[in-house]
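The values are calculated or read from the model by the stated rules, or taken from the named source; none is laboratory data. On a predicted model such as this, the values are computed, not experimentally measured, just so you know. Positions of Cβ are generated from backbone atoms using ideal geometry, with glycine treated the same way; all protein chains shown enter the neighbour counts.
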Amino acid sequence: MEVKDFDYYLPEELIAQKPVEPRDSSRLMVLNKRSKTIEHKIFREIIDYLGEGDLLIRNITKVIPARLYGIKSTGAKIEILLLEKIDNGVWKALVKPGSKVKKGTEILFEGDLKAVCKDWAEEGSRILEFNSENDEIIFKYGVPPLPPYIKNNEIPLDRYQTIYSKELGSVAAPTAGLHFTDSLLENLRKKGVEFADVVLHVGLGTFRPVKVQRIEDHKMHSETYYVPKETVEKIKEYRRNNGRIIAVGTTSVRTLETIARLPEKDHYHGKTDIFIYPPFEFKLTDAIITNFHLPRSTLLMLVSAFAGREFILQAYNIAVKEKYRFFSFGDACFIY
């Protein structure tokens, strides 16, 4: 298949620039992939579609304040984006295009924080060594790594986190989880819905544009994931009892479908570069809660693999006509 097969028209004004309040008041498009029917709801009404026998898999990764602004020794301003911790005080980072950062380049940040470029890494990223091994000191001068299509810089980091985030390590939020509130989670529990957690630290690979013509030629960047023993046991239990496993977000989908293809273990920890596109056999994902994704993106390809490309593109065209809000702070879909 070709990348152009996953394109659609999106007016710029439908790209959400800020989240709605409360979180669960966003809109929800409900897609039944078998009957090919579409319903329009409010997110908190997802409770009408869930109940006893449903297991929600949540990604509890936490976004780090990964964007830092500094100056080089020449006085030139520079912007970097932390991508991945290599060691204490050593990070892989992206440098804003146009900034020249060679080996040995020193970058000065607020306070006494400094970093030196030690090496180059893949796709123009750099290996930076800071003068502090303390993450808290480095993060102190960082700001939320909001996507470039969000022009609103006033959004605090805690609003770009799920309410159940715990494990620091992502440079982008698993945005499907942003719609949940404490009261909605409690109401779901009362109805018999159970929860199990995974970790997938979201890197830029998930959002990198697909630059090849044939999607089969695209290579995903690897991202670190962890599935604890209690989650593995819960998944096995639901599979034995014909329960429904519902992934909150595409990161949870990718984690589930990664471990489904590995030898059986009591827990899983590693890196995944799984790329899900049509056709694809889903082994552990029965339903997906997700946002509306960018045209030509790997995420749009994933939901197309789950529900069918034509049905997804039909739904997206309806969402445009109905003025749904798109991308990270936008509205949601429940696909089952």
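Here is the figure for region 28-50: residues that are more than 18 Å from ALA307 (Cα to Cα) and touching a helix residue (DSSP H, G or I) at 6+ places or on another chain (Cβ under 7 Å) total 5.
Selection of region 212-233 for residues being surrounded by fewer than 21 Cβ atoms within 10 Å (Cβ to Cβ), touching a Phe, Trp or Tyr at 6+ places or on another chain (Cβ under 9 Å) and either in a strand (DSSP E or B) or of a type in the set (Lys, Arg) (or both) yields LYS219, TYR226. Among the numbered conditions (1) in contact (Cβ under 8 Å) with a residue 40 or more places away in the chain; (2) more than 18 Å from ASP87 (Cβ to Cβ), tell me where GLU129 comes up short. The single condition GLU129 does not satisfy is (2). Scan region 293-333 for residues that are outside any helix (DSSP H, G or I), out of contact with any helix residue (DSSP H, G or I) (no Cβ under 6 Å at 6 or more places or on another chain) and either within 26 Å of GLN161 (Cβ to Cβ) or small (Gly, Ala, Ser) (or both) and jot them down. LEU294, SER297, GLY308, TYR324, ARG325, PHE327, PHE329, GLY330, ASP331, CYS333, listed by residue number.
Among the residues of region 166-211, those that are of a type in the set (D, E, K, R), assigned to a loop (DSSP other than H, G, I, E, B) and either more than 22 Å from SER25 (Cα to Cα) or not assigned by TED's automatic domain parsing to the domain that holds LEU55 (or both) comprise LYS166, ARG208, LYS211. Using the structure shown, decide if ASP158 is of a type in the set (Asp, Glu) and within 22 Å of SER304 (Cβ to Cβ). So ASP158 does not fit the description; no. Any residue that is under 27 Å from ILE86 (Cβ atoms) and small (Gly, Ala, Ser) - is there at least one of those in region 240-253? Looking for residues that are under 27 Å from ILE86 (Cβ atoms) and small (Gly, Ala, Ser), one finds at least one in region 240-253, hence yes. Mind counting the residues in region 9-26 that are of a type in the set (Ser, Thr, Tyr) and over 15 Å from PRO295 (Cα atoms)? Qualifying residue count, region 9-26: 2.
When we screen ILE38, ILE64, ILE78 for residues that are in contact with a Lys or Arg (Cβ under 7 Å, 6 or more places away or on another chain) and either of a type outside the set (Lys, Arg) or outside the structural domain of GLU322 (by TED's automatic domain parsing) (or both), the only hit is ILE78. The conditions are (1) within 30 Å of GLY104 (Cα to Cα); (2) free of Cβ contacts under 8 Å to residues at least 24 places away in the same chain, and PRO65 fails exactly one of them. Which is it? Going through the list (1) within 30 Å of GLY104 (Cα to Cα); (2) free of Cβ contacts under 8 Å to residues at least 24 places away in the same chain, PRO65 breaks only (2).
Does VAL227 fit the bill of being touching a helix residue (DSSP H, G or I) at 6+ places or on another chain (Cβ under 6 Å), under 28 Å from PRO147 (Cα atoms) and in contact (Cβ under 8 Å) with a residue 40 or more places away in the chain? Criteria met by VAL227.
The residue that is surrounded by the most Cβ atoms within 10 Å (Cβ to Cβ), among those in region 142-160 that are touching a strand residue (DSSP E or B) at 6+ places or on another chain (Cβ under 6 Å) and in a loop (DSSP other than H, G, I, E, B), is PRO145.
Regarding region 247-261, can at least one residue be identified that is assigned to a loop (DSSP other than H, G, I, E, B), at pLDDT 95 or above and either out of contact with any Lys or Arg (no Cβ under 7 Å at 6 or more places or on another chain) or not assigned by TED's automatic domain parsing to the domain that holds ARG27 (or both)? Yes, that holds for at least one residue. Residues that are part of a helix (DSSP H, G or I), touching a residue at least 24 places away in the same chain (Cβ under 8 Å), buried (at least 18 other Cβ atoms within 10 Å of the Cβ) and out of contact with any Cys (no Cβ under 7 Å at 6 or more places or on another chain) do occur in region 235-243.
Number of residues in region 100-126 that are touching a residue at least 24 places away in the same chain (Cβ under 8 Å) and surrounded by 12 or more Cβ atoms within 10 Å (Cβ to Cβ): the value is 12.
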